[in-house]
Structures are given as structure tokens and as C-alpha cells.
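Below is one structure, written out as C-alpha cells, with a few remarks after it.
The values are calculated or read from the model by the stated rules, or taken from the named source; none is laboratory data. Predicted model, so just to flag it, every value in this text is computed and none were measured. Heads up, the Cβs are rebuilt from the backbone with ideal geometry, glycines too, and the neighbour counts pull from every protein chain shown.
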Amino acid sequence: MGNYSTAYASALLPEPDLTVSQWADEHRILDQASSSEAGRWRTSRTPYLREIMDSLSASDPTDVVVFQKGAQIGASEAGINFVLYAISHAPAPMLYVLPTVDSAKRVSKQRLAPAIDAVPLVREKVATPRARDSGNTLFQKDYAGGTLILTGSNSAVGLRSMPARYLFLDEVDAFPSDLDGEGSPIQLAIRRTATYKRNRKIFMVSTPTVKGLSTVEDYFEQSDQRRYFVPCPDCCDMQIIEWKRIIWTDDDPNTAKLHCESCGIEIEEKHKTNMLNKGEWRATAVGRYRGYHLSSLYSPAGWYGWSDAAEDFLAARKSGQEQMKTFVNTVLGETYEEAGEQIDPLGLIMRREEYPNDLEFEVKTVAVDVQKDRLELELVGWGKDEESWALDYVILAGDTTQPDVWKDLSDYLTETKPDGCALDAGYNTQLVYDFVSKRRFCWAVKGQAGSGIPLIQDRIKRLQRLRKRKQQTVTPEPLGVDQGKAIIMSRLQLTEVGAGYCHFPIEVEFDEEYFAQLTAEKLVTRYQRGRPRQEWVQTRPRNEAIDIRVYGLACRRLIGTREPEPEPEKTPTPKRVNKSFGGSAWL
Ligand SMILES: [Zn+2]
């Protein structure tokens, strides 16, 4: 084939098939307004971004790419590269979702528009702004072969706008978990890609937030969990840059170095550029998605150093939990486990005590959790102001659809003579009702999640409910279990014996497993429609002990409803009348 025909053929061919990083190296210009390093984009500056970007290339079969990251590593620019590549090189409809419509507007104006403008190839493809009906607005960019829609995760309308082959979900940890009752905005957005299932690209990026609530971590954990391994300059052993191996001396962040996990040498930061260049992503798990994790400790020379990280850490340690959370999220790219809200079970084991022989209680309660193959129960003695003494914790094994285990429970109650017994009616409900209906001192209870629901119903509501029921039928007592857990968790943290204090005996039943279960829930903040709300989450699979303790406290208060009204004081102070059996005044 002669020269002429080759030239002719190439003029008709589309651009050669480039990956995102090749495209960016060839075409991307970083504009002065939004980039600290204006000029040509060089993937070699942030070599770890190469594979991430290339997995978003049209020629790569990967469909979902999750990126959990710290700040200052160039992730936003990688995202912009993806957008520009999609417009210019492999055009198709694209949906770009940011946490809010406002943030979408801001990103469009301050980052995307200048980026489009700086790259002639892209600028030519996007319709001219300001022309009438131009198809180039803050929320919409038209180009040959597609449209880019920018929207907020708080806009159901935006998320339903159109089918998309490319989906860019940016800062997903700031997305609401539920959008106006329609479910997760991420799921709504992903549904838009259904028609492109065979060649779609979903790019999900975020700095993580709170442990247990982080969307990006949730997806990363379901991914193949790639981490960037770099060689030690001395022994060449490949390793990840971990915070626990960043060391410094005399509280001087400027001495920060990386401790090689293999040869133990202290690696100075000046080696980082070389290490990053020789680095490679390695999957550390088998998963459904392709996932990348990168902390700011990988930030290239001149951006954010190990000494900066050490300095920020020292400052955060002085300033408290909120700053430490910011450090862990934005520098380490890790979720933050909120301290203090989950109680250390070891501390509770340590304060178990020998009870004196002459303990006396106002009342004793038995609380029962009903499972398929067993009844679990706790006997608690209660003193003034709900100071409590755990007395016994028993597991009665047996099929709870059969009478034997219920006979065992009956025997136990006969033997221990509690003043009240609360049984969870959430499982084998009818059997629980049958048991309760024959024993006046027993209540069937049923937990209700949700903040603002009192542990037991107030007197008036309770009486209304009891009046309404048909004769001889059992209705379960509704329990506000969230309030119950909050009360118990705060009481477990009391260190002074007295009102509310929880005593535990030195007995084999009160072992590590018991305390692990008792502290198995913690209060976390979840966001609903962008608003934070607190919710209890289970931190381990079994948590019977805390549930049973909640039933026990409810039972103590239900016994209170049977007690005669206390005599009014000489100067009536109505608020205090109910204190002995309801209030949590000293919480
Ligand atoms: Zn080494």
C-alpha cells in the first residue's frame, strides 16, 4: 500500500483507541484557575492514577470502579479526565452526580467549565455556551454522541433524567442514604445505566466518613481491594505505605520517615517519587467490583508530605475527636470509628465484684429473650433509683415450639420468685402470649426502633391501650428500645456507685462473651435526606445480653406502674411524681 492510500485511510479513521491516561497525557491541559500545577497533565506525576483511569477506558471491560481515597492525591483531576475523555474520545450519555444540586453547580462552574475551556479538542465538541437553547448550561453539556448531565444526589428528578453509559458518583459518602422515600440515590442512578449494561462505566469516588455508615467503604469491601505497593529503596520489598509505619522522633513532625516493614530501614520522603514510579496495584481480596484505596501518604512530592501528615496528626490529637475524625477520613482515607460511644467490654469485666450476703432489693426482674433453640434470661435485682445488680444469666436450651423449655422457665421463675418477668414476643409470639396469660407478673414485650419512643408507654397511653384490648387477650407492651439502649449505655459508663449504677458479680456467666454482647451496640449518626439522625447499630452478630438488659429495665418500670401513686409532697411538684418508676432525670 502506497503512502497516499495510508494517509487517506488514516484521515477517515477515528482517533486511535486511547486509554484515559493516554488521552489525558496527550490532550489535557490543567487550567491556572483550578489547578496548582497548571500546564500539561502528566500521569507520571501521580502514577498510581494510571490504572484507575485506564480501568475507565472504553476498551477496558471493567464496569464498576470504586475509589476510596484521602485528599491531595489528584483524584478530582482523574475524575475530570474521565469526563473529558467521555465527551471527546468515546462519546456517550454521562451522568455526573455530586452530593447536592448546589455542589453540582459549583463544580460545573469552577472546575468543569474551565477544564473544558482549557482543552481545545473538548471545547470544540461541547456546544457554545450562552447561545440560545445551546445545550450548554451548568447542568447540561451537549456534544456529538451524547449529553452530560450534572446533578445532586438530593434531586430525584436529576437522577431520573436519562439513560447513561457513564456514571460518575463523586463524594458518595455525602449522599443521603434515602432520597424522599425512593431509596438510595446511588441505586437510582445505577438504574440509569441498565440499558448500557454491557459497556457501562460506573466510577464511585469518596473520602470515607464514619465506620459502619460509609458508602464508599461498603463498596470497597465488596471489591477486590487493590492497594498500591511500592518498593523499599533498600531491600526492594514491595509494601503499602501505612500510617502505623510512619515514625518521627521527639514530637517533631519534620523527622517523619517510613519504617520498612521488611528490613526495618527508615525511608526518607525524598525516595517517594521513585517508589511511586515503581509501584503497582495489587488486589488483596476477591470481590464483585474493582476497588482502589489510596491515602494522602502517597501524595506526590511537593503536595502533602509525611511530615505534613505527622503535623496534622499531632494537632488533631490535641484538638479532640472531631479533628481526629477529619484526619483519619481525609489523610488516611479510612473510616473513623467514633470512640466513647461504644463501651469497652474489658473495663466492665474488670469491675465485677463480690456481692455482700445481705443485699436487699426493691424488686427483682427476669427478662427473657426467645430464640428458636433456646431461651436466654437474666435475673436482676433493683435498688433505689434503678441501681442494679446482675444476679444470674441463664441459657435454657431447647426447641421453643415445644413445651419442655417453657416448663424449665416456669421452674426457674418459681425458684427465683421475681416481682416481674418480661418476655420478648417478637418470636414464637403465640407461645409467649400463652405463657404470659397464665402468669399475672409476666409481660409480653415487643421492641420498637426509633428515637423519641419512650422505653415504656406513658401511663395514659398505656391505660388507653389496655382498655381497648379484648378481654383475656394479651397485648405486648411496646418498648422504645433505642431509648432503653441509650439509658443502659450511659449507665454502663457510670463509675460511681449509686443511682443507675450497674453491678456485676464475679461469676462464670458474666464472662467476656456476656460483656461483649452487652456492649454490642453503639450509637452512630446516619443521614436521612441530608439530615443527621442517631441510630443504634450492632457491632457484632450476637447481642442478646443488651436486648435482655433493655427488657429487664422495662420490666422494672412496668412493675412501677403497678405500684400505688406516691404520696404527693407538701408543695406539689408534678414533674417529680413519676420519678421513681419512669423518669431518667439523672441521665
Ligand atoms: Zn526495606
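Tabulated data
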quantity: Helices (runs of 4 or more DSSP H) contained in segment 359-477 and holding at least 1 residues of a type outside the set (S, T, N, Q) and modelled with pLDDT under 90; calculated: 459-468
quantity: Close pairs (9 angstrom Cβ cut-off, 6 or more residues apart or separate chains): closer than 19 Å to K69 by Cα and in contact (Cβ under 8 Å) with a residue 60 or more places away in the chain in segment 235-263, among the basic types (K, R) and within 16 Å of the ligand (Cβ to nearest atom) anywhere; calculated: I246/K257
quantity: Lone unmet requirement of (1) in a helix (DSSP H, G or I); (2) crowded, with 17+ Cβ neighbours inside 10 Å for R317; calculated: (2)
quantity: Test: residue in segment 191-213 that is assigned to a helix (DSSP H, G or I), more than 16 Å from the ligand (Cβ to nearest atom) and not assigned by TED's automatic domain parsing to the domain that holds N81; calculated: no
quantity: Tally of residues being closer than 17 Å to M53 by Cα and of a type in the set (G, A, S) across segment 251-294; calculated: 3
quantity: Of the criteria (1) within 22 Å of R557 (Cα to Cα); (2) touching a Ser or Thr at 6+ places or on another chain (Cβ under 9 Å), which one Y427 fails; calculated: (1)
quantity: Those residues of segment 234-250 which are exposed (fewer than 14 other Cβ atoms within 10 Å of the Cβ) and away from the ligand (no atom under 15 Å from the Cβ), in sequence order; calculated: K244, T249, D250
quantity: Long-range neighbours under 7 Å by Cβ, at least six apart or interchain, first residue within 13 Å of P99 (Cβ to Cβ) within segment 153-179, second of a type in the set (D, E, K, R); calculated: P176/R529; S177/R526
quantity: Single match in F168, F229 (criterion: surrounded by fewer than 21 Cβ atoms within 10 Å (Cβ to Cβ), among the hydrophobic types (A, V, I, L, M, F, W, C) and either within 16 Å of the ligand (Cβ to nearest atom) or within 18 Å of Q68 (Cβ to Cβ) (or both)); calculated: F229
quantity: Qualifying helices (runs of 4 or more DSSP H) (wholly inside segment 71-136; at least 1 residues being free of Cβ contacts under 8 Å to residues at least 24 places away in the same chain and within 27 Å of the chain's Cα centre (by Cα)); calculated: 101-107
quantity: Filter result for T335 (out of contact with any Cys (no Cβ under 7 Å at 6 or more places or on another chain), among the hydroxyl-bearing types (S, T, Y) and buried (at least 17 other Cβ atoms within 10 Å of the Cβ)); calculated: yes
